[in-house]
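Visitor: Following this message is one structure expressed as structure tokens.
The values are calculated or read from the model by the stated rules, or taken from the named source; none is laboratory data. Keep in mind the model is a prediction, meaning the values are calculated, not measured. Note that each Cβ is placed from the backbone with ideal geometry, even for glycine, and that neighbours are counted across all protein chains shown.
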Amino acid sequence: MVKHSQKSIGDHPLRPESQMMTYGYEPALSVGALKCPIYQTSTFVFESAEAGKAFFEVAYGLRERGPTEEKGLIYSRLNNPDLEVLEDRLSLWDNADGAAVFESGMAAISTTLLAFSRPGDVIIHSEPLYGGTEYLITHFLRQMGIDRVGFPAGTPTASFEASVRKKVANRRVAAIFIETPANPTNALVDIASTAEMARMFTTNEERPPVIVDNTFLGPLWQHPLKAGADLVVYSATKFIGGHSDVIAGAVLGSCQWILPVRTLRTFLGTMAGPWTGWLLLRSLETLKMRMTAQMKNARYVADYLVDHPKVSAVHYLGHMTENNPMFSVYRNQCSAPGSVISFDVHGGEPEAFRFLNALQLVSLAVSLGGTESLAEHPATMTHADISAEDQLRLGIRPSMIRLSVGVEHYSDIIADLTQAFEKV
């Protein structure tokens with residue numbers, strides 16, 4: 001498709017939220033439709049055999065695309081208008097060269113790690129990770145001969161750098177994968193320092209990519225590529241989709257790093273379909289409004305929780321103080337604290353369960369970043385596969401509850417929390 005390339009009005013640059021309705025789409029190519037239609041087709045008709053040959057040459061990397069040559073539509077496993085427009089618009093938020101959209105966040109993560117990993121390699125990663133990612137790295141990839149070396153989130157890089165280097169020894173580092181803020185503890189990882197650490201493992205002019213799962217803060221409140229990361233990963237199910245009605249994932253980065261991911265996506269078949277792409281295009285138009293409302297609500301909720309007598313700890317970036325060793329990282333790396341809060345109730349699992357079972361407005365469900373507020377119990381739900389010993393080491397206690405704050409009125413959310421605490 002011909003790209004709608006307007007990024008400015010005269011000398012005035014347009015912000016991403018202003019381009020979410022038009023960028024990457026030309027109505028004239030779709031009989032004047034204001035919104036991008038759903039291109040529910042598996043294959044596309046070529047104008048000529050020569051055009052089909054040219055399209056495949058570019059698609060399979062047999063030659064470089066010409067400076068004015070459009071990428072031709074071939075087959076929806078390779079490309080589709082809905083995905084192309086979506087990837088163009090997603091790239092604006094992170095100022096990335098390109099993007100690849102997947103049918104789930106785990107499809108995005110697994111395809112990305114497989115694109116750079118070989119038997120005998122090591123993946124360095126922060127801890128804790130989302131339960132699905134942790135299982136992929138700890139169990140599946142290790143069966144393929146790919147080892148892992150973890151380091152704790154929430155601590156300065158200098159405190160574990162030497163230990164990581166010793167554990168890696170002389171093995172090839174396939175990638176450094178970090179999740180910041182960490183799920184579910186909200187602990188930060190210093191992206192810039194991690195990028196510096198990656199240079200320690202450069203061999204034969206080959207450097208491992210730094211891959212950041214930016215799901216918790218989304219495209220608005222943290223920009224990993226700007227901080228030194230090579231690739232940024234999203235569970236687009238969360239804030240990008242944001243309505244708890246679509247599963248999707250995305251990877252963004254420079255041409256150098258996104259190309260092997262896109263290539264492997266083609267042959268694994270992990271790309272999203274046109275209907276998923278269309279749903280995400282719809283959601284992008286309200287992304288900033290939703291995330292801003294959620295972030296503002298979360299400030300009120302976090303302030304309420306920190307003063308509640310039945311809460312023993314609140315894990316929320318907005319409450320970080322200057323005596324925290326990661327405070328400067330938060331100030332330099334994040335533009336807002338987001339809308340995910342974890343907190344511990346006095347007691348343990350029974351008290352946490354009583355609270356969760358008493359909620360009325362807030363739904364008891366996993367996931368986050370939707371318009372509705374959600375609460376869950378990480379130790380027995382999203383991170384249940386991690387051993388009890390490792391859970392405690394990572395700060396995931398039986399008393400912990402993860403709360404994703406939605407767009408309801410904050411006073412109603414607090415009223416629901418108040419009545420639930422009465423049952424504890």
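Visitor: Considering only residues that are surrounded by fewer than 18 Cβ atoms within 10 Å (Cβ to Cβ) and touching a helix residue (DSSP H, G or I) at 6+ places or on another chain (Cβ under 9 Å), look in the stretch 331-346 and name the one that is nearest to residue 406 (Cα to Cα).
Guide: Step one: filter the stretch 331-346 for residues surrounded by fewer than 18 Cβ atoms within 10 Å (Cβ to Cβ), giving 331-332, 335, 346.
Imposing the further condition that a residue be touching a helix residue (DSSP H, G or I) at 6+ places or on another chain (Cβ under 9 Å) reduces the set to 332, 335.
Working: 332: 26, 335: 19 Å.
For the stretch 331-346, the residue satisfying everything is 335.
Visitor: Quick one: in the stretch 372-386, of everything that is β-branched (Val, Ile, Thr) and surrounded by 16 or more Cβ atoms within 10 Å (Cβ to Cβ), which residue is modelled with the lowest pLDDT? So that I can check it myself, show each step before the final result.
Guide: To start, the set of residues in the stretch 372-386 that are β-branched (Val, Ile, Thr) comprises 380, 382, 386.
Restricting the remaining residues to those that are surrounded by 16 or more Cβ atoms within 10 Å (Cβ to Cβ) gives 382, 386.
Details: 382: 94, 386: 90.
The qualifying residue modelled with the lowest pLDDT is 386.
Visitor: Looking only at residues in the stretch 140-175 that are more than 12 Å from residue 120 (Cα to Cα) and in contact with a helix residue (DSSP H, G or I) (Cβ under 7 Å, 6 or more places away or on another chain), which one is surrounded by the fewest Cβ atoms within 10 Å (Cβ to Cβ)?
Guide: 161
Visitor: Does the stretch 137-184 hold any residues that are farther than 24 Å from residue 326 by Cα and in a loop (DSSP other than H, G, I, E, B), and which are they?
Guide: Selection gives 144, 145, 146, 169, 170, 171, 172.
Visitor: While we're here: Determine whether residue 89 is at pLDDT below 95 and either touching a Lys or Arg at 6+ places or on another chain (Cβ under 7 Å) or closer than 27 Å to residue 230 by Cα (or both).
Guide: Judged against the criteria, residue 89 is not a match.
Visitor: Name the helices (runs of 4 or more DSSP H) wholly within the stretch 245-353 that hold at least 1 residues that are within 23 Å of residue 369 (Cβ to Cβ) and in contact with a Lys or Arg (Cβ under 8 Å, 6 or more places away or on another chain)?
Guide: Correct list: 274-284.
Visitor: OK, next. Write out, first by first residue and then by second, each pair whose Cβ atoms fall under 8 Å of each other, whose residues are 6+ apart or on separate chains, and whose first residue, in the stretch 45-63, is without any contact (Cβ under 8 Å) to a residue 60 or more places away in the chain while the second is aliphatic (A, V, I, L, M) and surrounded by fewer than 11 Cβ atoms within 10 Å (Cβ to Cβ).
Guide: Qualifying pairs under 8 Å: 56/62.
Here's the yes/no breakdown for (1) out of contact with any Leu (no Cβ under 7 Å at 6 or more places or on another chain); (2) free of Cβ contacts under 8 Å to residues at least 24 places away in the same chain:
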| site | (1), (2) |
| --- | --- |
| 312 | yes, no |
| 332 | yes, no |
| 337 | no, no |
| 366 | yes, yes |
| 390 | yes, yes |
| 398 | yes, no |
| 414 | yes, no |
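Visitor: For the structure I just gave you, tell me whether residue 367 is under 21 Å from the mean Cα position of the chain (by Cα), surrounded by fewer than 19 Cβ atoms within 10 Å (Cβ to Cβ) and assigned by TED's automatic domain parsing to the domain that holds residue 313. Walk me through it before giving the result.
Guide: Details: under 21 Å from the mean Cα position of the chain (by Cα): yes; surrounded by fewer than 19 Cβ atoms within 10 Å (Cβ to Cβ): yes; assigned by TED's automatic domain parsing to the domain that holds residue 313: yes.
Against the criterion (under 21 Å from the mean Cα position of the chain (by Cα), surrounded by fewer than 19 Cβ atoms within 10 Å (Cβ to Cβ) and assigned by TED's automatic domain parsing to the domain that holds residue 313), residue 367 qualifies.
Visitor: Determine whether residue 236 is in the same structural domain as residue 95 (by TED's automatic domain parsing), touching a residue at least 60 places away in the same chain (Cβ under 8 Å) and of a type outside the set (S, T, N, Q). If you could, list the steps in order and put the result at the bottom.
Guide: Values: in the same structural domain as residue 95 (by TED's automatic domain parsing): yes; touching a residue at least 60 places away in the same chain (Cβ under 8 Å): yes; of a type outside the set (S, T, N, Q): yes.
Taking the combined requirement at face value, the residue satisfies it.
Visitor: So residue 318 clears everything in (1) under 30 Å from residue 193 (Cα atoms); (2) of a type outside the set (A, V, I, L, M, F, W, C); (3) touching a residue at least 60 places away in the same chain (Cβ under 8 Å) except one condition, right? Which one?
Guide: Checking residue 318 against (1) under 30 Å from residue 193 (Cα atoms); (2) of a type outside the set (A, V, I, L, M, F, W, C); (3) touching a residue at least 60 places away in the same chain (Cβ under 8 Å), the one that fails is (3).
Visitor: For residue 292, all conditions in the list (1) closer than 24 Å to residue 18 by Cα; (2) crowded, with 20+ Cβ neighbours inside 10 Å hold save one; what is the number of the exception?
Guide: Single failed check for residue 292: (2).
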